[in-house]
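Peer 1: Next up is a structure, given as structure tokens.
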Amino acid sequence: MQFLDTSHGSDILGDLVDVILDNRDYLSEVDGSIGDGDHGINMAKGFRLYSESIQGQSLSLAKAFTTLANTLMGSIGGSMGPLYGSLFLGMGNASKDLDTLDARTFGDMLSAGLESIQSISDANVGDKCLLDTLVPAVMDYRHAVDDDDSFTSALQALRNGAERGCESTRELEAKIGRAARLGERSKGHLDAGAVSCCLLLVRLADSTERHLERAAA
Amino acid sequence: MQRIINDPDNVVDDAVRGYLRASPEFYAATDHPRVLKYAATTSGKVGVVTGGGSGHEPAFLGYVGDGLCDAVAIGEIFSSPTADAFLEAFRVADQGRGVACLYGNYAGDNMNVKMARQMAEMESIDVKTVIARDDVASAPADQREKRRGVAGEIMMWKVGGAAAARHDDLDEVIRLAQKAVDACSSIGVGLSSCTIPANGKPNFTIAPGHMELGIGHHGEPGIEVVPLPDAKAMADAMCDPVLADQDFTGGDVAVLISGLGATPVMELNLLYAHVADRLEAEGITVHRADIGNYFTSLEMMGATLTVMKLDEELKPLVDAPARSLAITR
């Protein structure tokens, strides 16, 4: 059985910071097609502030997620502050008393994040938003675990679900947020929140997998 | 980018510093760098709070003052303030009689205000909200709940602020602010795009010689892109959907035309002359008109038109004394 040691919070979230900072301009460009064009700027700002605030500290996964959540909610505002803030707060709360996560409890952590977002937003799958990435990713992951797949295979399911969900936003008509006012004309473009969510989930899967391999070695 | 800035990521903080230095008679700093409060709030009244993204100056902070708002939460450019900022604004505005939070219908503002209200509840601060939905171009009249808030917000702050200044209670301030913004129908036209400094390139494009009817305050695309008409035809194109939105005939109205940032004020008055002609021709009496840069979108060219239906209850509140950076009566 594979376990993720939850003491590697700073490492794993460091990877999430990297993927956002590396894609700052790309995210703004995606957002610029149908939104304000500020998604990359705001995300990068929030993740950078988190990174600076924990410089040199070795945090547990729960502590790192909670700190990231509070930084995003307290510093970036917009829609993404509360949405990502509640996602990571939910994940932090779900992992706080656990020294290790197995495939199932890692899935519980993802589900808790999803539930936390749904408590502050009425957004749904099909609205052309980050939930279009998050929901299928979490569902695919859980199905893989229910089918007794390995932790590694479940992480692959998470990546596949995220990428498929993100890609699905291209043909959707936006129902919420600023792009909603575009109606039909929002079709043909990816949703920036769905893209950032996909980048984050894929990198979370990569980083987790690397720690599983290292623990096995 | 021909802009007066330092680090593009710090534009808002740098600007807030300027407002504080320039206008100490209006602004006092708070414990939160993105919250300003009125420097001379009268005691014992309902607190009035607003907030929103930056880039719309003089909105939102220009409406902090006498007979208007008591505190403002300030977001990044075109991005909602944080829940923390709204909460601090509630705290500094509350004098034990509750807080009216008057803001516009945008997804981020809705979530952050919702979270801030939950936090305020834990501190026993009574917060009620009015959400402006006056932009007729953003959704049809039967889907008003989807409409975004634009310059009608100014009338909401004016009326809500005046009600609070005469010591109405929280429920009454909320009722009147809601009534004020429901009486407003607005529409914008965009003639050119705008650039968020940290982005460094225009947010969208409007081809030279064209105008986008119904454009939003952040460049949200409007109803249609048409060849740029002359001012008279532009006034008609704006008046048509506004006057069709509610029945203004036979009554008094307040009219507000705001520039979007880069249109000369002279042209706003030129536009107004045609709007006034049209209203007169339709048997609508203009009680008062405010023409200027009241609610902008960085350096966009264009304007918004707001027409507000007045009755004997709203009129004295629209006319009541007020003193702030953006409006004085």
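The values are calculated or read from the model by the stated rules, or taken from the named source; none is laboratory data. Owing to the predicted nature of the structure, the values given are computational and were not obtained by experimental measurement. Neighbour counts run over all protein chains shown; Cβ positions are idealised from the backbone, glycine included.
Peer 1: With (1) modelled with pLDDT of 95 or more; (2) out of contact with any Cys (no Cβ under 9 Å at 6 or more places or on another chain); (3) within 14 Å of chain A (Cβ to nearest Cβ) as the list, and B:Val225 as the residue in question, which single condition is left unmet?
Peer 2: Result: B:Val225 passes all but (1).
Peer 1: Could you list, in sequence order, all residues of segment B:123-146 that are among the hydrophobic types (A, V, I, L, M, F, W, C) and free of Cβ contacts under 8 Å to residues at least 24 places away in the same chain? First the steps, then the outcome.
Peer 2: Initial filter on segment B:123-146 (among the hydrophobic types (A, V, I, L, M, F, W, C)): B:125, B:127, B:130-132, B:136-137, B:139, B:141.
Of everything in segment B:123-146, just one residue is among the hydrophobic types (A, V, I, L, M, F, W, C) and free of Cβ contacts under 8 Å to residues at least 24 places away in the same chain, namely B:Ala139.
Peer 1: Within the group B:Gly152, B:Gly216, which residue is under 19 Å from the mean Cα position of the chain (by Cα), more than 14 Å from chain A (Cβ to nearest Cβ) and closer than 21 Å to B:Thr50 by Cβ?
Peer 2: Going through B:Gly152, B:Gly216 in turn, just one is under 19 Å from the mean Cα position of the chain (by Cα), more than 14 Å from chain A (Cβ to nearest Cβ) and closer than 21 Å to B:Thr50 by Cβ: B:Gly152.
Peer 1: Give the residues of segment B:122-144 that are of a type in the set (Val, Ile, Thr) and either within 13 Å of another protein chain (Cβ to nearest Cβ) or part of a helix (DSSP H, G or I) (or both), sorted by residue number. First the steps, then the outcome.
Peer 2: Step one: of segment B:122-144, the residues of a type in the set (Val, Ile, Thr) are B:125, B:127, B:129-131, B:136.
Within segment B:122-144, just B:Val136 meets the criteria.
Peer 1: Checking B:Ser193 against (1) part of a strand (DSSP E or B); (2) over 18 Å from the mean Cα position of the chain (by Cα), only one condition comes out false. Which one?
Peer 2: Unmet condition: (1).
Peer 1: For a quick check of your reading: which strands (runs of 3 or more DSSP E) sit entirely within segment B:20-121 and have at least 3 residues that are more than 15 Å from the chain's Cα centre (by Cα), more than 10 Å from chain A (Cβ to nearest Cβ) and of a type outside the set (Gly, Ala, Ser)?
Peer 2: Per the criteria, B:35-38.
Peer 1: Same structure again: Name the residues in segment A:1-17 that are surrounded by fewer than 21 Cβ atoms within 10 Å (Cβ to Cβ) and assigned to a strand (DSSP E or B), would you?
Peer 2: Matches in segment A:1-17: A:Asp5 only.
Peer 1: While we're on this one: Inside segment B:269-290, can you point out the residues that are closer than 17 Å to B:Ala231 by Cβ and either at pLDDT below 95 or crowded, with 20+ Cβ neighbours inside 10 Å (or both)?
Peer 2: Scanning segment B:269-290 gives B:Leu271, B:Tyr272, B:Val275, B:Leu279.
Peer 1: Sort through B:Val127, B:Val113, B:Val136 and tell me the only one that's among the β-branched types (Val, Ile, Thr), assigned by TED's automatic domain parsing to the domain that holds B:Cys69, closer than 18 Å to B:Gly222 by Cα and out of contact with any Gly (no Cβ under 6 Å at 6 or more places or on another chain).
Peer 2: None of the other options fit; the residue is B:Val136.
Peer 1: Right, B:Ala120: at negative phi, out of contact with any Ser or Thr (no Cβ under 8 Å at 6 or more places or on another chain) and touching a residue at least 60 places away in the same chain (Cβ under 8 Å) or not?
Peer 2: Considered against the rule, which asks whether it is at negative phi, out of contact with any Ser or Thr (no Cβ under 8 Å at 6 or more places or on another chain) and touching a residue at least 60 places away in the same chain (Cβ under 8 Å), B:Ala120 comes out as no.
Peer 1: Any idea which of B:Gly209, B:Gly149 is in contact with a Leu (Cβ under 7 Å, 6 or more places away or on another chain), touching a residue at least 12 places away in the same chain (Cβ under 8 Å) and within 30 Å of B:Met301 (Cα to Cα)?
Peer 2: That would be B:Gly209, the only listed residue that is in contact with a Leu (Cβ under 7 Å, 6 or more places away or on another chain), touching a residue at least 12 places away in the same chain (Cβ under 8 Å) and within 30 Å of B:Met301 (Cα to Cα).
Peer 1: How many of the residues making up segment A:18-62 are in a loop (DSSP other than H, G, I, E, B), more than 9 Å from chain B (Cβ to nearest Cβ) and on the phi < 0 side of the Ramachandran plot?
Peer 2: Number satisfying all stated conditions: 7.
Peer 1: Can I ask one more? Return the residues of segment B:1-14 that are in contact (Cβ under 8 Å) with a residue 40 or more places away in the chain and either within 24 Å of B:Gly67 (Cα to Cα) or assigned to a loop (DSSP other than H, G, I, E, B) (or both); say none if nothing qualifies.
Peer 2: So the first thing to find is which residues in segment B:1-14 are in contact (Cβ under 8 Å) with a residue 40 or more places away in the chain, and the list is B:1, B:3, B:5, B:8-9, B:11-12.
The answer is B:Met1, B:Arg3, B:Ile5.
Peer 1: Take A:Asp127 and decide whether it is of a type outside the set (A, V, I, L, M, F, W, C) and either under 14 Å from the mean Cα position of the chain (by Cα) or within 14 Å of chain B (Cβ to nearest Cβ) (or both).
Peer 2: yes
Peer 1: For A:Ile117, are the conditions met, namely being hydrophobic (A, V, I, L, M, F, W, C), away from chain B (no Cβ under 12 Å) and out of contact with any His (no Cβ under 9 Å at 6 or more places or on another chain)?
Peer 2: Judged against the criteria, A:Ile117 is not a match.
Peer 1: Looking at (1) farther than 17 Å from A:Leu199 by Cβ; (2) assigned to a helix (DSSP H, G or I); (3) in contact with a Ser or Thr (Cβ under 7 Å, 6 or more places away or on another chain); (4) not hydroxyl-bearing (Ser, Thr, Tyr), which is the one condition that is false for A:Asp132?
Peer 2: Single failed check for A:Asp132: (1).
Peer 1: For segment B:13-34: of the residues being basic (Lys, Arg) and out of contact with any helix residue (DSSP H, G or I) (no Cβ under 9 Å at 6 or more places or on another chain), which is nearest to B:Leu87 (Cα to Cα)?
Peer 2: This residue is B:Arg17.
Peer 1: Would a scan of segment B:23-31 turn up a residue that is under 28 Å from B:Gly200 (Cβ atoms) and not assigned by TED's automatic domain parsing to the domain that holds B:Gly259?
Peer 2: No - not one qualifying residue is present in segment B:23-31.
Peer 1: Return yes when A:Leu199 is surrounded by 16 or more Cβ atoms within 10 Å (Cβ to Cβ), away from chain B (no Cβ under 14 Å) and either farther than 30 Å from B:Ser138 by Cα or in contact with a Pro (Cβ under 8 Å, 6 or more places away or on another chain) (or both) and no when it is not.
Peer 2: Yes; evaluated as a whole, the condition is true for this residue.
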